[in-house]
Structures are given as structure tokens and as C-alpha cells.
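The values are calculated or read from the model by the stated rules, or taken from the named source; none is laboratory data. Computed from a prediction, not measured in an experiment: that's the story for all the values here. Note that each Cβ is placed from the backbone with ideal geometry, even for glycine, and that neighbours are counted across all protein chains shown.
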């Protein structure tokens, strides 16, 4: 059983610089075709200051740390037994090239189902910009297969 005392624990605090090349690469990799994600002139014509962050891009930046699954190590969970259960995004402000985004993650719940055969780890990540404004909240659930 995963130790429930970790509920409320913060981890993974880091800051990532949002770069134009990374935004373009992510947009292309996800099949985005809107020119505002590739062409600064198109972004400015759409009344944007520069290239915006495509949807879900912040998740990839949150994972850009030396140990993206470090939480599982802390909880003594074998990555080979983990499934991706859920992911959700809530956006509050736009993110643009040149921003510095700080990510703070917290374990919000740990629970089990099927008599402990499956354990769930809920994690919430808050992303703030260089002014300290909340730009997004991301939630994800890890499912651990036991037995």
C-alpha cells in the first residue's frame, strides 16, 4: 500500500523558460495548423504579443526535469506498474514565448479500489508566470497495478 501520509506533500518545484523553438516544435508534433503557433506576424495580426503556448504544452514543460517521475520513487512505486489514469487542464492566463513558468506539484489524494488491486495517486500542479500570476492548473492521476 502506498503511504497515505504523502497526501499534501509538495514536490517538483521548478521553472521553465518558454522558448519560441520549443513552442513551434510542440505545435508541429501535435498536428497544430493555426499559423499563430508558428509565425510571429500571424500571432501579432491576431493581437497577440508573440507566439502563444499551444494547449497542453505546459504539461511537457512540467515533465522537463531530471527525474520526471521522481514522485513515484518517493512513494516506492515501480514505474513498470503504473498506468496513466487521467489528465485535466484549467487555464487562467495565456502563456507566451519569453515567459518563465514555475511549476509546483502536490499530491492531493491517494486511494485504492478493488481491495487494493489498484491504487490511485492524484497530483495537482499549479503553473505561475514570472509575475506570480496563476496561468494554469493541471491534474493527473497515476494508477498503480498491485499484485
Going residue by residue through the range 20-39, is there one that turns out to be surrounded by fewer than 17 Cβ atoms within 10 Å (Cβ to Cβ), touching a strand residue (DSSP E or B) at 6+ places or on another chain (Cβ under 8 Å) and outside any helix (DSSP H, G or I)? no
Go through (1) assigned to a helix (DSSP H, G or I); (2) exposed (fewer than 13 other Cβ atoms within 10 Å of the Cβ); (3) touching a strand residue (DSSP E or B) at 6+ places or on another chain (Cβ under 6 Å) one by one and return the number of the condition residue 90 breaks. (1)
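The rows are residues; the columns are (1) in contact with a helix residue (DSSP H, G or I) (Cβ under 8 Å, 6 or more places away or on another chain); (2) over 30 Å from residue 122 (Cβ atoms); (3) modelled with pLDDT under 95.
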{"position": "5", "(1), (2), (3)": "no, no, no"}
{"position": "8", "(1), (2), (3)": "no, no, no"}
{"position": "35", "(1), (2), (3)": "yes, yes, no"}
{"position": "41", "(1), (2), (3)": "no, yes, no"}
{"position": "46", "(1), (2), (3)": "yes, yes, no"}
{"position": "50", "(1), (2), (3)": "yes, yes, no"}
Has the range 123-146 got any residue that is at pLDDT below 95 and under 14 Å from residue 2 (Cβ atoms)? yes
Against the definition (more than 17 Å from the chain's Cα centre (by Cα) and either in contact (Cβ under 8 Å) with a residue 40 or more places away in the chain or in a helix (DSSP H, G or I) (or both)), how does residue 123 come out, yes or no? no
